[in-house]
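Have a look at the structure below before the remarks.
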Amino acid sequence: MVDVGAKAETRRVARARGTITMARDTFATIASGQAKKGDVIGIARVAAIQGAKRTADLIPLCHPLALTRVAVTFELDEAASAVHCEARVETVGRTGVEMEALTAVQVGLLTIYDMVKAIDRGMIITNVGVVEKRGGKSGDWTPARSEP
């Protein structure tokens, strides 16, 4: 692990986004709340929050962080037959929370896949990336390209 002991503690924020696309009937099942396993979006939100909290257990060289906030939102996109996930993670510490935000998005989208894979194994997770980073020595950052 990188030594961050000499770094100042600052407020750190990261946002990440990603998308899962699916068949129209799968999307309709999620949107209607009629999935056999239950509330897909509600369970995916809890899973995403858990994913953010457990990032250091999953990624070998990540520092374990005391997170002060994890907020996860899902947007149902009927036109694209897709669900978009965004995670915002915050802490006050010596290292950033980009990995926690990315993990939250991936775990949330994977949970959606798991909950409806019986009706659609062809779902695709795409465009996962950091869309904002604030705080720390390097300051604020947003991608030069369009958001994922």
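Each value in this text was obtained by applying a stated rule to the coordinates, not by laboratory testing. These numbers come from a predicted model, not from an experiment. In this analysis, Cβ positions are derived from the backbone assuming ideal geometry, glycine residues included, and neighbour counts consider all displayed protein chains.
Grab the beta carbon distance between HIS63 and LYS37, set R0 = 35 Å, and tell me the FRET efficiency rounded to 0.05.
0.55
Could you go through the stretch 7-14 in sequence order and give the Karplus-derived ³J(HN,Hα) for each residue, using 6.51 cos²θ - 1.76 cosθ + 1.60 with θ = phi - 60°, rounded to whole Hz, and x for Gly and Pro?
Residue by residue, the stretch 7-14 yields 6, 6, 6, 9, 6, 10, 9, 9 Hz.
Return a whole-number percent for the relative contact order of the chain, with Cα pairs under 8 Å and 6 or more residues apart as the contact set.
39
Within the stretch 20-89, list the trypsin sites (Lys or Arg not before Pro) lying in a DSSP loop whose Cβ has at most 10 other Cβ atoms in a 10 Å radius.
Values: sites: ARG24, LYS36, LYS37, ARG45, LYS53, ARG54, ARG69, ARG88; in loops: LYS36, LYS37, ARG54.
Those satisfying the criteria are LYS36.
Just how many pairs of Lys in the chain have C-alpha atoms closer than 27 Å, counting pairs that are eight or more places apart or on different chains?
Taking the chain as the scope, the lysine pair count is 9.
Rounded to the nearest 500, what is the chain's calculated 222 nm mean residue ellipticity when only DSSP H runs of at least 4 contribute -39500 (n - 2.57) each, over all residues? Intermediate values should be presented prior to the final figure.
Working: 4 runs with 46 residues, N = 148.
Estimated from H runs of four or more residues: -9500 deg cm²/dmol.
Along Cα→Cβ, 7 Å out, is where each label goes; now give me the distance between the ones at ILE124 and VAL4 in nm to one decimal.
3.4
Using the Karplus equation 6.51 cos²θ - 1.76 cosθ + 1.60 (θ = phi - 60°), what ³J(HN,Hα) coupling, rounded to whole Hz, does each residue of the stretch 82-88 give in order, writing x for Gly and Pro?
For the stretch 82-88, the Karplus-derived couplings read 9, 10, 9, 10, 10, 10, 10 Hz, x marking Gly and Pro.
Quick one: which residues, 5 or more positions from LYS117 or on another chain, have an amide H under 5 Å from its amide H? H modelled 1.01 Å from N in the peptide plane, none for Pro or chain starts.
For LYS117, whose amide H was placed from the backbone, there are no distant partners under 5 Å.
Please compute the Cα-Cα pair-distance distribution of the chain with 5 Å bins starting at 0, giving whole percents from short to long.
P(r) for the chain, in whole percents per bin: 2, 11, 19, 20, 17, 12, 9, 6, 3, 1, 0.
Tilt of helix 98-116 relative to the longest C-alpha principal axis of the chain, in degrees (0 to 90, nearest 10)?
20
What are the ³J(HN,Hα) values, in whole Hz, obtained from phi via the Karplus relation 6.51 cos²θ - 1.76 cosθ + 1.60 with θ = phi - 60°, for each residue of the stretch 27-35 in sequence order, with x given for Gly and Pro?
With coefficients 6.51, -1.76 and 1.60, one gets 4, 4, 4, 5, 4, 7, x, 9, 5 Hz.
If you line up the long axis of helix 40-53 against the longest principal axis of the chain, both from Cα atoms, how many degrees apart are they, to the nearest 10?
20
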